[in-house]
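Chemist: My questions all concern the structure below.
The values are calculated or read from the model by the stated rules, or taken from the named source; none is laboratory data. From a predicted model like this one, the values you see are computed outputs, not experimental measurements. Cβ: placed from backbone, ideal geometry, glycine included. Neighbour counts: every protein chain shown. Please note that ligands, DNA and RNA were not included when accessible areas were found on the heavy atoms of the full protein model with its side chains. Shrake-Rupley method; radii C 1.70, N 1.55, O 1.52, S 1.80 Å.
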Amino acid sequence: MLLKLWRSLTILLTALLVSVCVAQLWEMPTRLAMSGPNWLYTMTAHEGFLTLNAGPMLQIASVGAAFVLLGMAREDAKAFWWALAAAVTLLIAFIVWWAFIYPVEMRMSNITAASLPINWGQLRLHWESAQVVRAALVVAGLSALVVSALLTKQTKRIRRRSRRYFMIS
């Protein structure tokens, strides 16, 4: 029961993280067409969200939950390997955020439209590209978690029971 609950919590945390990452992707075409001051405004528009550290905390929580799930699912080989893939993928996504996205956000947090650096376009492309990579990794991590849940021993028992009940061979 605890394993099912933890697996559900891990999938929920990762799905919330996917929503944050995919939102960045949906905004990307518009942000790429913006002028420097407008793009800078979009970078600072969610300062309250960053002040709460909700995005990074959600990322850390999903990575931590995936690694705890990994320890809990070690007896089921197929589910374990998919949980391992999910945990590693989510960890890599966090490293991408820490190494490529966070530095740009911190650099841009103290800049005004008047002090926008000459290479702001390069910074924007760097930030947007890292967001794409991060989103792909988080979606892959969520997919691996779902596959891990579908391959559990309990799921196999339920399938066998339903086959007997519905007389499916």
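Chemist: Considering only Ala130, Gly141, Met28, whose Cα is most displaced toward the positive end of the charge dipole of the chain, charges sitting on Cβ of Lys, Arg (+1) and Asp, Glu (-1)?
Modeler: Of the candidates, Gly141 comes out farthest on the positive side.
Chemist: Oh, and also: Which one, Gln24, Gln59, Gln122, has the greatest fluctuation when you compute a Gaussian network model over the chain with C-alpha springs under 10 angstrom?
Modeler: Maximum fluctuation in the GNM of the chain, among the listed residues, is at Gln122.
Chemist: For the chain, report the accessible area per residue in Å² (1.4 Å probe, heavy atoms, rounded to an integer).
Modeler: Per-residue accessible area for the chain comes out at 59 Å².
Chemist: Considering only protein heavy atoms and a 1.4 Å probe, what is the carbon-and-sulfur percentage of the accessible area of the range 60-128?
Modeler: 70 percent
Chemist: Now for a different question. Give the Rg/Rh ratio for the range 1-87, taking Rg as the radius of gyration of the Cα atoms and Rh as the Kirkwood radius, to two decimals.
Modeler: Rg/Rh for the range 1-87 comes to 1.15.
Chemist: Next question. Using the Kirkwood radius over Cα pairs, work out the Stokes-Einstein diffusion coefficient for the chain at 20 °C and 1.002 mPa s, in µm²/s as a whole number.
Modeler: Diffusion coefficient, whole number: 121 µm²/s.
Chemist: Per-residue accessible area for Leu125 at 1.4 Å probe radius, Å² rounded to 10?
Modeler: 100 Å²
Chemist: Taking only DSSP H segments of four or more residues, each worth -39500 (n - 2.57), what value at 222 nm results for the chain once the sum is divided by all its residues, to the nearest 500 deg cm²/dmol?
Modeler: -27000 deg cm²/dmol
Chemist: Something else now. Kyte-Doolittle cut-off 0.0, length cut-off 30 Å along the helix's own axis using Cα: show which whole DSSP H helices in the chain pass.
Modeler: 2-32, 120-150
Chemist: Same structure again: If the elastic network links every pair of Cα atoms under 10 Å, which of Arg124, Arg74, Arg134 fluctuates the most in the Gaussian network model of the chain?
Modeler: Maximum fluctuation in the GNM of the chain, among the listed residues, is at Arg74.
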